[in-house]
Amino acid sequence: MKENDPVGTYFDKLPETHKRQFEERASGANFNFQQRMKVAYELGDASSGRLLDCAAGTGEIICGLLKSGRFNHATVVDVSPAMLQTAKDLLTSQIKNAELEFVQSDVFNFKPSDSRFDLLLCLGLIAHTGRLDIYCCLKSMLPPGGRIILQTTLTDHLGTRMLRALTSRRELSKCGYRISWFSERDITVACRNAGLQILETRRTSLGIPFGDRLWPWANFQLERRLQKWASRHGADAIYLLAAK
């Protein structure tokens, strides 16, 4: 980790909190993480071979994909030493049928020994980097037929805009850096400029500001009952991308 890297420093405090989002049964507090994992599995179902997770967190999503048996190699990257170690503990204990590589780095400074991956996971990362040139970086690691799964929260959604207005100053104090927010148009233009095409988009999350914290039970009931609406208008977008 770079000295004084605020992103790595912030996430070093969060492994136990992050793990609970996936280990506990679905609830209002973790529904969005559970949905992110479910959609990632569905979008990654057609891929096999070499897998790269650009910001693995505690490793639950990449672990689920590896358990499918379709991937013979996985490179696991995270800027946080604590997050990476937690992911390593999980994967080395549960995955026996794939070669595993663990790299502490941000994706912009990551130099793979083999630069091609059949599936790249980039879930929630761009909010913490603030850099849309990540698309060019990711495309350079794709072979013909390779895919990228990318998730972000969209400012097209009213709840996202409200959350940004209410938390931007506090987030800077809490995290040591500003969370970045992008619109659907920002993502579309960045993909086009990088020579990537959007194959599929999945929308999730009602995006009720603070709903997962203040009213977790009510938030869970609403999320469950209104998934069809969220699939068209949700605050979060998960994209399946490929090179043109």
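Among the residues of region 84-118, the one identified as basic (Lys, Arg), touching a residue at least 24 places away in the same chain (Cβ under 8 Å) and closer than 28 Å to Thr9 by Cβ is Lys88.
May I ask you to list the residues in region 103-114 that are open to solvent by 50 Å² or more (accessible area, probe 1.4 Å) and either assigned to a loop (DSSP other than H, G, I, E, B) or touching a strand residue (DSSP E or B) at 6+ places or on another chain (Cβ under 6 Å) (or both)?
Of all residues in region 103-114, those open to solvent by 50 Å² or more (accessible area, probe 1.4 Å) come to 104, 109, 111, 113-114.
Hits for region 103-114 are Asn109, Lys111, Ser113, Asp114.
Restrict the check to region 80-102 and report whether at least one residue is assigned to a loop (DSSP other than H, G, I, E, B) and among the aromatic types (Phe, Trp, Tyr).
no
Within region 47-64, residues that are free of Cβ contacts under 8 Å to residues at least 40 places away in the same chain sit with their Cβ atoms under 9 Å from residues that are open to solvent by 20 Å² or more (accessible area, probe 1.4 Å) and among the acidic types (Asp, Glu), at 6+ positions apart or across chains, in these pairs: Gly59/Asp89. So Ile208 ticks every box in (1) at pLDDT 90 or above; (2) closer than 30 Å to Asp118 by Cα; (3) among the β-branched types (Val, Ile, Thr) but one. Which box is left unticked? The single condition Ile208 does not satisfy is (2).
Restricting region 182-204 to residues that are polar (S, T, N, Q) and either on the phi > 0 side of the Ramachandran plot or part of a helix (DSSP H, G or I) (or both), the residue that is nearest to the chain's Cα centre (by Cα) is Thr188. Could you check, for region 49-67, whether at least one of its residues is part of a helix (DSSP H, G or I), small (Gly, Ala, Ser) and either open to solvent by 30 Å² or more (accessible area, probe 1.4 Å) or out of contact with any Cys (no Cβ under 9 Å at 6 or more places or on another chain) (or both)? Looking through region 49-67, at least one residue is part of a helix (DSSP H, G or I), small (Gly, Ala, Ser) and either open to solvent by 30 Å² or more (accessible area, probe 1.4 Å) or out of contact with any Cys (no Cβ under 9 Å at 6 or more places or on another chain) (or both).
The values are calculated or read from the model by the stated rules, or taken from the named source; none is laboratory data. Source: prediction; values computed, not measured. With ideal geometry, Cβ positions are generated from the backbone for all residues, glycine too; neighbour counts draw on all protein chains shown. Protein only, heavy atoms only, side chains kept; ligands, DNA and RNA dropped before computing areas. Shrake-Rupley method; radii C 1.70, N 1.55, O 1.52, S 1.80 Å.
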